[in-house]
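Values quoted throughout were computed directly from the atomic coordinates according to the rules given, and no laboratory measurement underlies them. Treat the numbers as computed from the prediction; the structure is a model and nothing was measured. When we count neighbours, we look across all protein chains shown, and the Cβ atoms used for this are built from the backbone with ideal geometry, even at glycine.
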Amino acid sequence: MKNQEIANIFYQIAIYLEMDNISFKPQAYEKAAFALESLSEDVKDIFQREAEEGLKKIPGVGENIAKKIIEYLKTGKIKEYEKYYHKMPVNIGELIQVEGIGPKMIKALYKNLKITNLEDLEKAAQQGKLRKLPNFGEKTEKNILESIAFLKRSRGRFLLSEALFLAEDIILQLKKIKEIDKISVAGSLRRMKETIGDIDLLATIKNGAKEDAKKVMDVFVNLDGIIKVWDYGLTKSSVRFDKKIDADLRVVDDDEFGSALQYFTGSKDHNIKTRKLAMEKNLKLNEYGVFKGKKLTAGKTEEEVYQAIGLPYMEPELREDRGEIEAALEEKLPKIIGYDEIKGDLHCHSDWDGGENSIEEMAKAAQLLGYEYLGISDHTKFLRIENGLDEKQLLEQHKAIEKLNSRIQHTGYRIQILHGCEANILNDGSLDIDDKVLAQLDYVIAGIHSSMKMTREEMTQRMIKAMQNPYVKIISHPTGRLINRRDEYQLDIEKIIETARETSTALEINSFPSRLDLNDKNIRKAVEKGVKLVINTDAHHRDHLQFMRFGIAQARRGWATKNDIINAWPIDKLLKFFHKI
DNA sequence: GCCGTTTTCGGCCCGACTGTTTTCAGTCG
């Protein structure tokens, strides 16, 4: 799929344009890039089917950008970009990741110090060269070094979504081979960890024949997007994809698929415990099976492997040695929420606040996902750039949603649209929308979108005050972290959880791939305190509704059950929760 | 460069915050 590659080039063109103070064009390129990466269909397919006209239907794509997409599809290059890159050969993708660095700084760094990548930048900062540049100073230099250190800590880890989308694509390709019998992801990806080091895949061959394994491996090492083959063998091959994600494929015997899957899924600590448990029963557990002496007693499925050592089957998300084995032995393992148990998404943006789709389009997409309800929660007025709604617009939107609800029911759609908003928590903990208006909505989400560098005490008080507002039912992305990019706010999460319990406020598990906030550990803390949670996507496009599974995965990793998640509840129970003032 | 219930040109892109400065440049959401 070329969408992301083209989007990345457009993002870079936007930055080059911004360096030259060109107005409006950068936003146009950014908008097109955003639309491209949100697209679920391959632009190549759209172009083949509907030519340039089809491309121009993508929001933000007009005549010029459509031509550039076509140019890339045909030649693998975009001349406009090549021209800029020739003039300033800088690794923009790398430098822009540094918090506090934007187009103007990249330009100044290149012009004055010939800095082209992260390594150059770090060296120059360490040598105190940055502070001498105009508009730079000691503090900027220090911030840049801190930000680079943060990036380095997270280097080599990929977002769960990136790894999963690639893995699913690989599996789709491999499943076309008729000799393949079973295939599954393993490793941290199967455990749905928030970041992934590499992709592990496990497969079996129908008749176990060596020449068939070779066929499979041949397809694997020649997949689209591979830039390096590390290993090529009949039982294991290893490759690197263009985003520098590595993937391993192992072929195992059908009899050992379960034990191999269990072994390669990990986690390592979980496996150490399961092996100990096996030893206590005079058994031996390894990747080839469960053995009594030399006799194989289990191995074909994970279920029989766990059963053989006296455990129930464990969902991969639980296998972190965080007490799951002990809980299982005491039959106290919770029934964690299923991927199909969410009944609605309560944090979605519409085109009222600059999102891509109308409320109706969002509702129809939600209906297709089988949801009972969809909550529209646009930004409010403090966020001017996001077209935040003011009191008057919120009331207008309320009427529009009432109308749409009654119209939709006559057209065979069963989905019910709820009206909320994502109000801004201002520095003093008050909200940017009048309580009288908030009172008229079905629910209110409150979130922090500004002044993220307060002290721990100030930030905690700020959020506590917002939760004490009787209309606030949900706190969005409670810790504010962006994976691999920005740390959490300074925040006393225990106090926040405590206040959430006292005020019956639900804490969000934001499913947006770069957020996953709350994270699994904080989810577990909240669940233990009996605090209610809500899994939302923060969709700004109808395709983003699909991100739900990433949030569900984190909820599962945090041992949350259906009862803990308010949007796994039927609508009557949900509305009762919202109206509990 | 895109877009159109202001429709083929003229809008679009604001305000807080930080760090640099002494009136402002750049980043972020």
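Key figures
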| item | result |
| --- | --- |
| Which of A:Ile385, A:Val216, A:His544, positive extreme of dipole for chain A (C-beta unit charges) | A:Val216 |
| Extension gain, A:Ile272 back to A:His579 (0.36 nm per residue minus Cα-Cα distance, nm) | 105.7 nm |
| Added length on full extension, which subtracts the Cα-Cα distance from 0.36 nm per residue, A:Lys104 to A:Glu53 | 14.8 nm |
| Cβ charges +1 (Lys, Arg) and -1 (Asp, Glu), total dipole of chain A, debye | 1160 debye |
| GluC sites (Glu not before Pro) lying in DSSP loop within region A:321-407, provided at most 11 other Cβ fall within 10 Å | A:Glu330, A:Glu331 |
| Cα-based Rg / Dmax (Å) for chain A | 25.7, 76 |
| Net charge over other residues, Cβ less than 11 angstrom from the Cβ of A:Asn563 (K, R count +1; D, E count -1) | +2 |
| Label point distance in nm, A:Tyr313-A:Leu73, each placed 7 Å from Cα along Cα→Cβ | 4.3 nm |
| Stretchable slack from A:Asn135 to A:Arg485, in nm (0.36 nm times residue separation minus alpha-carbon distance) | 123.6 nm |
| Relative contact order (%) - criterion: Cα under 8 Å, at least six apart; region: chain A | 9 percent |
| Euclidean distance between Cα centres, region A:134-176 to region A:342-396, Å | 29 Å |
| Order of A:His270, A:His579 - criterion: other Cβ atoms within 10 Å of each residue's Cβ, fewest first | A:His579, A:His270 |
| Over chain A: helical MRE at 222 nm, DSSP H runs n ≥ 4 each giving -39500 (n - 2.57), nearest 500 | -13500 deg cm²/dmol |
| Unit charges at the beta carbon, dipole of chain A: most positive-side option, A:Leu95, A:His449, A:Ile425 | A:Leu95 |
| Coil-residue GluC sites (Glu not before Pro) of region A:40-145, DSSP, other Cβ within 10 Å capped at 13 | A:Glu41 |
| Sorted by Cβ density within 10 Å, fewest first, the residues A:Leu234, A:Leu133 | A:Leu234, A:Leu133 |
| Cα→Cβ-extended label distance, 7 Å offset, between A:Asp42 and A:Gln468, nm | 5.7 nm |
| Charge dipole magnitude, Cβ of K and R +1, D and E -1 - region A:478-581, Cα centre, debye nearest 20 | 260 debye |
| Sparse-neighbour loop sites [trypsin sites (Lys or Arg not before Pro); region A:311-396; at most 16 other C-beta within 10 Å; DSSP] | A:Lys332, A:Lys335, A:Arg384 |
| Exposure proxy order (Cβ contacts within 10 Å, fewest to most) of A:Phe264, A:Phe150 | A:Phe150, A:Phe264 |
| In nm, spacing of pseudo-spin labels at A:Arg456 and A:Ile226 (7 Å Cα→C-beta vector) | 4.9 nm |
| Which of A:Met105, A:Ile183, A:Ile148, positive extreme of dipole for region A:91-212 (C-beta unit charges) | A:Met105 |
| Percentage relative contact order, region A:113-242, counting C-alpha pairs under 8 Å, at least six apart | 15 percent |
| Percent RCO, i.e. relative contact order, over region A:362-432, from Cα pairs under 8 Å lying at least 6 residues apart | 42 percent |
| Student exercise, region A:83-223 dipole from Lys, Arg, Asp, Glu Cβ charges, in Debye to nearest 20 | 480 debye |
| Region A:253-323-region A:45-91 distance, computed between alpha-carbon centres (Å) | 50 Å |
